[in-house]
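These notes are about the structure you will find just below.
Read-outs throughout are calculated quantities, based only on the coordinates presented, and are distinct from any laboratory measurement. Source: prediction; values computed, not measured. Here the Cβ is made from the backbone with ideal geometry for all residues, glycine too, and neighbour counts use every protein chain on show.
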Amino acid sequence: MKTSFAAVLLTASMLAAPAFAQITIVPMPPAPPPTASGPPMAAPGAPVAPMTAADAQFVQAQLEGNMAEIQAGQLALQRSQDQNVRNFAQKMITDHGAANATLMVIAQRQGIPVPATLDSRHQQMLDMLSTLNGIAFDTRYIDGMILMHDATIQELDNQLVTGQSQILNVWVQNTRPVVLQHEALAHQIRVELPRTG
């Protein structure tokens, strides 16, 4: 019995369909818009009330965390072939870049040094990710993003309770919904990643 080439293609596509049907592209919504507003930033050269040491430390930690997430996102664009992971990585670069840009204005006005390099914890994470490829990379990257965003949410919540700077707390109120969105997206993507082992 002769089997046509078209029949073979049809059979192959039907067998492959379940694998393709399992792939769901997680939509990447835009970052939530700012909702809080505070006192205007002082004009350049005008005196600025100094921040507490704790507020300044929070600013530096957030600047460094944003820098780490941007660099991890850039690495994901180089190493991942998963479209959900790549879309998420691009969103991390865009959203954390925007958060850093607004926070750097506050840091510069306050004379808070902007970190030039990552601390050892963030650098170790990037070094470890740079040794991985494929699903191993995707899994560790997304798991890391879930952990980092969980920790960031806790830091933002603590700052809202203990922070003394009104301008900084407005930044936190506008940043927190974006971080919550990132955490939810990372959990969705984690469910969609292929199982290993």
I need Met104, Met128, Met92, Met148 ordered by Cβ neighbour count within 10 Å, fewest first.
Met128, Met104, Met148, Met92
Going from the fewest other Cβ atoms within 10 Å to the most, one would list His122, His187, His96, His149 as His187, His122, His149, His96
Report the semi-axes of the equivalent ellipsoid for segment 50-192 in whole Å, largest first, where each axis is √(5λ) for an eigenvalue λ of the Cα gyration tensor.
28, 16, 12
Computed log₁₀ I(q)/I(0) - Debye formula, equal Cα scatterers, no solvent, segment 79-135, q 0.26 Å⁻¹:
-1.09
Here the gain from full extension of Asp127 to Ile25, 0.36 nm per residue of separation minus their alpha-carbon distance, amounts to 33.9 nm
Using Cα pairs under 8 angstrom and six or more residues apart, how large is the relative contact order of segment 50-192, in percent?
32 percent
